[in-house]
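Have a look at the structure below, then the notes.
The values are calculated or read from the model by the stated rules, or taken from the named source; none is laboratory data. Only a predicted model underlies this, so the values are computations on that prediction, with no experimental measurement involved. Note: ideal-geometry Cβ built from the backbone for every residue, glycine included; neighbour counts use all protein chains shown.
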Amino acid sequence: MPFALLKHALRRPPAAEAYWPQPGELGQSYDVVIIGAGGHGLAAAYYLAREHGIKRVAVLDKGYLGGGNTGRNTTIIRANYLTPEGVAFYKESVELFRTLSAELDLNLMYSERGHLTLAHTDAAVRTARWRAEVNQHLGVDSSLVDPDEIARICPQLNLSRAVRYPILGALYHPPGAIARHDAVAWGYARAAARLGVELHPQTEVTGLVIERGRVSAVETSRGRIQAGKVLQAVAGSSSLVAGMAGLKLPIRTVPLQACVSQPLKPFLDTIIVSGSLHVYVSQSARGELVMGGSTDPYPLYATRSSLEFKEGLMGPMLELFPFLAEVKVLRQWAGMADMTPDFSPVMGLTPIENYFIDAGWGTWGFKATPVSGKRMAECVATGRQPALLEPFALERFERVELVGEKGAASVGH
Amino acid sequence: MSAQPNRLAAGGQVERGRPLAFTFNGRRYQGLAGDSLASALLANDVHLVGRSFKYHRPRGILSAGAEEPTGLVQLGEGGRTEPNLRTTQIELYDGLVATSQNCWPGVQLDLGALNNLASPLLPAGFYYKTFMWPPAFWQPVYERLIRRAAGLGRAPVLPDPDRYEHRHAHCDVLVVGGGPAGLMAGLAAARSGARVILADEQPALGGALLAEPAAHPGQAWRQEVLAELAGFEDTRLLPRTTAFAYYDHNYLCLVERVTDHLGPAAPPQLPRQRLWKVRARQVVLATGAIERPLAFAQNDRPGIMLAGAVRRYLHGYGVRPGRRAVVFTNNDSAYATALDLAEAGAEVTVVDLRPQAEGALPAAAAQAGIACRAGHGIVATEGGQRVKAVICARLSADGTRIEGARERIPADLVCVSGGWNPTIHLHSQSRGRPVYDPERGCFLPGLPVQAERSAGACAGEFGLAACLAAGAAAGAAAAEAAGFRASPPDWPAELASPAEAPARLLWQLPAAKPEARAKQFVDLQNDVTAADIRLALREGYASIEHVKRYTTTGMGTDQGKTSNVVALGIVAELTGQPIGELGVTTFRPPYTPVPFGAIVGRNCGPLFEPVRRTPMDAWHEAAGAVFEAVGQWRRPWYYPRPGESMATAVAREVTATRAAIGLLDASTLGKIDLQGPDTAEFLNRIYSNGWSKLEVGRCRYGLMLGEDGMVFDDGVTARLGEQHFLMSTTSGGAARVLAWLEEWLQTEWPELKVYCTSVTEQWATLSLSGPRTRELVALLAPEFDLDPQHFPHMSVREGTIDGVPARLFRISFTGELGYEIQVPARYGLALWARCMALGEPFGLTPFGTEAMHVLRAEKGYIIVGQETDGTTTPGDLGLDRLVGRKKPDFLGKRSLARADMGRADRKQLVGLLPRASEDLLEEGAQLVADPNQTPPMAMIGHVTSSYRSPSLGRSFALAMVQGGRARLGETLFVPMPDRMVAVTVTEPVFVDPEGERLHG
């Protein structure tokens, strides 16, 4: 058995073929130009080529593939949101993630670890119950659990009543998962490139040529290209790029910091979130504790780190896991979070006929990579807002039909 | 206990007379006071310390400092244990216990090493391509195995009893690094009168001088300088202190290891570690340089060390790590190691990549009779758990091929030097951009972004005299920049080091074996080889960030201090790009890992967050109240009498309030004092309703909206004077509202003269409700005229009660006749007690937050954050009358003006009555119109508040329902796990809809 297993495990000898070709010359024109080669942009390119047969696609990025928030997030995947619209959307994402390794032929280390959102107050218990109810009505595995049950799921948690904010209950979401974030971008990039999509890293978009309500060309640091349609997928720079298209987005951009501990032998199997204490943590396949907390308190375009963040994070960490005082922070970094008023993304059509937007990804972008890619590809290909994305349209702010997800944002930012 | 075979008879800064016992992997050894665990292990000829991350290959001690990638151990045993500690930085203490990590059953026989046999199958990124088939096996089988193999050390299990402290400090000049340049900089600054902090991560100051022999003239100079520095009142020397982060505005964080070196003998009054938060006018970085290894074949065996580190062991600790040494170098500096080893009685051969070795040191080595193979490289090594021999060969002129015969040289120690990397981490953290200097073959600090300058080896000056000169100049310049008159100090002329010939940079070295088996390690901890980097590039990972992420090079606990530049060099050679154009990956804090405990300091456990108590807290406590946390406040939840359940107690409190009088401690509600000529105008803009016409002495309930028109906070604000208002906010929202007010005042409306002051803590608030309240208040506050004609609902009067200044409000959150009394906080408890005494004949009953919730819900009053969720408009709550549509502007007006804001199908506040009067709905439960659906069900609303009402004698709820106000009288359904509850939609006001009680 072990040998057969090993044979299976290693069935495909590691090939040294390139994941994607070396970037070539920038073409004169493309059917679709995607700005941003993060997970979302690459996924959209892949689904455009695979599901809609649109292969004259160029994905541009000012940096390297997956170098923005795709490579800076804390890799949590879940569907236990608060609004029916949000739950339905993220549910499809979780379903796509589950088979994505096979589809992309790359092991994304997708790992269902179970997800506990701790409630330390009556109000938090109420929100947890609200989410559980909505989740269950939509067929998402999610329930309110009491401290005894929490102790069974994650015995490492400090469930003492004699702490500042005792844990009163939790929302338990067994399908909650983590994955290797870089691999998601690489997998989509490779699969898209194999279908003929062109990847152009180190190609910064500097302007958009708009005539009579249509985008006709994209100005880049490597020259101008004609574009049939343009999709922007630049989390962290959404307002800046949309500004080139003359669009004003209801977004404020704030830094979101994260850090990892040194690698430890795995002891924490569950993903733990505490909105009241402003902390979330999971243990990666390398053994590092991956930790995040609140966004920085004021808008800023800078990925610098701060001590305040670490202090604000480690205090709650030790409240939940008092035995970790001697464990060490290894690395701290930051990404940019495009926060919308309702804590939900903005996807789909814009007032510019052939310009599409995938933005407002705040702190919830990575977990939506497959579904946003798939549905945005549909949107770009058909020119119509897919039903699943209807609630997330930019014009919802005109209609004031907000999708209030603040209560289910990983941390009540 | 064994002798220490590698301890020299003399030399080193260790205390020969103080032997210390320690245990490593269950075996007892002896070291000396002053040893590091690494030097003590090497003294005992223990080179095998751990196993690598992926292949579990034997790993030894590479360095003598913070850069150590492989000599890592688990310190301590049982539940109290610390993982991944660098043996090179653990100071030995008596009774120290350490074990190897990442090996089972032990470091000598480690079954994980089977991975090594499979290593041709496990190159960079292998797991992305494998463990996929059959998919059903991924999580239950493969992932479990991978996860089991993850990590290095074990997390502790028991809480850490140690204490960590924080300390803030300001200084004129912070010098990081206590080597020759740092000492010189510190001296220059200190002599100028500047306040100086000089920090160094080592137990002793001296830096590179610690690796020089006792006879070196630098030692005497070092002692003199330290003595002089110790004499300055405003100079603080911090040994054992690592500057780990350089943040904005010259804010640096240092962690001082106060008692780590004492082990269990540490005095209990001292913290274990101290986090220094230093704000420095000027910073001098004198952080030195880290030696670079060479990526030759099988360069990972225990016994293969950095050449400079070997000198440190010789002269710092009196330890000679081996007897037969091969020194493998591309530069002159390693010849000093060769000379010193020979002097210490070792047999030494030098292998130099350069065709000729011409500098002063090579000449001295030749004179000393040390054999040198110039133009040669090591192309393989032999040995299992310790290096046994090296195979060296002459290389072709371009260094890419082996030419000529291979020679086997037996060796138990290999000293490697690939040149030196300036330690530019803090410069990079300060947002400086390092630049590559092709001449010196290393990255140097770029232009300073903050008030910072680099001096000495960290700026590429590797000679002693040059370091001293640079340190002297930098220290004087920093002091001058901080406002002092300074001049560079002199130093003795004999402090110089021999001139060195240029190094030869060969990033990739030829190997005796084919690539797959050559194992030229770049990252020794994560098992990344040159072949892995080549593979990553072949697979298209052209960006250096991709190479790092794909191969995991530089991502271990050492963060690539010895491997990053080697990896860059290999990528540069393979892609033909100049190394300087590849860019370095950003150095991020911390420089070396920092314990969670040090970051948290004292702010944990009982001191995690302060508990805010109202002035009446002691009374509640004595009355047996059960408390609930509301933000940081603790508030009485209910006051159970003996034998009462929560439900009975709450019902009693509600009934007493409706029938007689109830008393609530409302001191936690946020209170913001607003003064200034433009305050009314400011409130007009901040609140949705109008404020300019509010008369002095009157109060108004206000809704605060975000710019999106959604309800953000609410509360009653009173006009105490023409230019003086007192705003109340929700208990949890006080800080947020104050910040909101200040943001608008400071950033958008600076022309408004308004001053906001939080006075929440300054006033105690007693909230009285119930039909007999006026009678009680008349007794309590006889100075006030309570005649409803003169003092109607929503009014405020100022006066005194028992000679104490008091504010009396006629307001209500229960729907009953209500008065709120505010007195200065220190009188709150006394007034409360007097109120209770006077109220006894009336049946005065204290009530907690739960009864308050029931009372307000019966009346249909909302709680922001419970009925609202950030997407709720005033109209949704039926509070359209609170929107001053005629006002020129207010926050949220533009959003509210949209036609869609008034759409009839928005979620609106309604009441619900369960069909069965005893059925209590769950808050958060969802409402559906059609009970016969299966998931996904169409939800049209949710329950926001749900209680048993003593007043109604039944359960009731508030809910937000789509088009709710048009559904009054309709039946909706709440699916519960075990049943379907039918509810009737009603008006949200259940008690006294006409408001007769309120205005009575």
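Remarks
- Residue check for A:Ala79: part of a strand (DSSP E or B), of a type in the set (Gly, Ala, Ser), buried (at least 24 other Cβ atoms within 10 Å of the Cβ) and away from chain B (no Cβ under 11 Å): no
- Taking the range B:120-160 as the range and being of a type in the set (A, V, I, L, M), part of a loop (DSSP other than H, G, I, E, B) and within 7 Å of chain A (Cβ to nearest Cβ) as the test, the residues that pass are B:Met132, B:Ala150, B:Leu152, B:Ala155, B:Val157, B:Leu158.
- Residue in the range B:619-631 that is within 11 Å of chain A (Cβ to nearest Cβ), closer than 30 Å to B:Arg51 by Cα and in contact with a Phe, Trp or Tyr (Cβ under 9 Å, 6 or more places away or on another chain) present: no
- Residues located in the range A:206-239, provided they are in a loop (DSSP other than H, G, I, E, B) and surrounded by fewer than 20 Cβ atoms within 10 Å (Cβ to Cβ): A:Arg212, A:Gly213, A:Ser221, A:Arg222
- All told, B:Pro936 meets the bar of being within 49 Å of the chain's Cα centre (by Cα), part of a loop (DSSP other than H, G, I, E, B) and more than 30 Å from B:Ala649 (Cβ to Cβ).
- Candidates are the residues of the range B:362-411 that are under 49 Å from the mean Cα position of the chain (by Cα) and among the polar types (S, T, N, Q); the one that is surrounded by the most Cβ atoms within 10 Å (Cβ to Cβ) is B:Thr381.
- If you go through the range B:868-887 and pick out every residue that is more than 25 Å from A:Thr340 (Cα to Cα), assigned to a loop (DSSP other than H, G, I, E, B) and in contact with a Ser or Thr (Cβ under 7 Å, 6 or more places away or on another chain), you end up with 1.
- Some residue of the range B:608-620 being buried (at least 18 other Cβ atoms within 10 Å of the Cβ), assigned to a loop (DSSP other than H, G, I, E, B) and within 24 Å of the chain's Cα centre (by Cα): yes
- Looking only at residues of the range A:93-139 that are at positive phi and small (Gly, Ala, Ser), we find that the one that is surrounded by the most Cβ atoms within 10 Å (Cβ to Cβ) is A:Gly114.
- Restricted to the range A:307-365, and to residues there that are hydrophobic (A, V, I, L, M, F, W, C), assigned to a loop (DSSP other than H, G, I, E, B) and more than 14 Å from chain B (Cβ to nearest Cβ), the residue that is nearest to the chain's Cα centre (by Cα) is A:Trp364.
- Among the residues of the range A:97-121, those identified as within 8 Å of chain B (Cβ to nearest Cβ) and of a type in the set (Asp, Glu) are A:Asp105, A:Glu112.
- Test: residue in the range B:408-424 that is closer than 21 Å to B:Glu439 by Cα, in a loop (DSSP other than H, G, I, E, B) and touching a Ser or Thr at 6+ places or on another chain (Cβ under 7 Å): yes
- Restricting the range B:524-553 to residues that are touching a residue at least 60 places away in the same chain (Cβ under 8 Å) and hydrophobic (A, V, I, L, M, F, W, C), the residue that is nearest to the other protein chains (Cβ to nearest Cβ) is B:Leu535.
- Residues (surrounded by 19 or more Cβ atoms within 10 Å (Cβ to Cβ), among the basic types (Lys, Arg) and at the interface with chain A (Cβ under 9 Å from one of its Cβ atoms)) located in the range B:880-929: B:Arg906
A quick yes/no check of all residues on (1) at pLDDT 95 or above; (2) touching a helix residue (DSSP H, G or I) at 6+ places or on another chain (Cβ under 9 Å); (3) in the same structural domain as A:Ala49 (by TED's automatic domain parsing):
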residue: A:Val87; (1), (2), (3): yes, yes, no
residue: A:Thr121; (1), (2), (3): no, no, no
residue: A:Arg126; (1), (2), (3): no, no, no
residue: A:Pro147; (1), (2), (3): yes, no, no
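- The lone criterion from (1) surrounded by fewer than 16 Cβ atoms within 10 Å (Cβ to Cβ); (2) within 14 Å of chain A (Cβ to nearest Cβ) left unmet by B:Asp785 is number (2).
- Scan of the range B:278-294 for residues that are farther than 11 Å from B:Val173 by Cβ and small (Gly, Ala, Ser), ordered by number: B:Ala286, B:Gly288, B:Ala289
- Taken as a whole, the condition of being surrounded by 21 or more Cβ atoms within 10 Å (Cβ to Cβ), not aromatic (Phe, Trp, Tyr) and not in a loop (DSSP other than H, G, I, E, B) applies to A:Ile150.
- Positions within the range A:156-205 being among the hydroxyl-bearing types (Ser, Thr, Tyr), part of a loop (DSSP other than H, G, I, E, B), in contact with a Leu (Cβ under 6 Å, 6 or more places away or on another chain) and assigned by TED's automatic domain parsing to the domain that holds A:Leu324, in sequence order: none
- Evaluating B:Glu165 against the criteria (1) within 11 Å of chain A (Cβ to nearest Cβ); (2) over 30 Å from B:Arg51 (Cα atoms); (3) of a type in the set (D, E, K, R) leaves one unmet condition, (1).
- Residue that is nearest to the other protein chains (Cβ to nearest Cβ) [pool: residues in the range A:285-300 that are within 19 Å of the chain's Cα centre (by Cα) and farther than 15 Å from B:Asn603 by Cβ]: A:Ala285
- From the list B:Arg59, B:Arg51, B:Arg80, the one residue that fits, being within 14 Å of chain A (Cβ to nearest Cβ) and buried (at least 24 other Cβ atoms within 10 Å of the Cβ), is B:Arg51.
- The listed residues are B:Phe244, B:Phe232, and the only one of them that is within 23 Å of the chain's Cα centre (by Cα) and modelled with pLDDT of 95 or more turns out to be B:Phe244.
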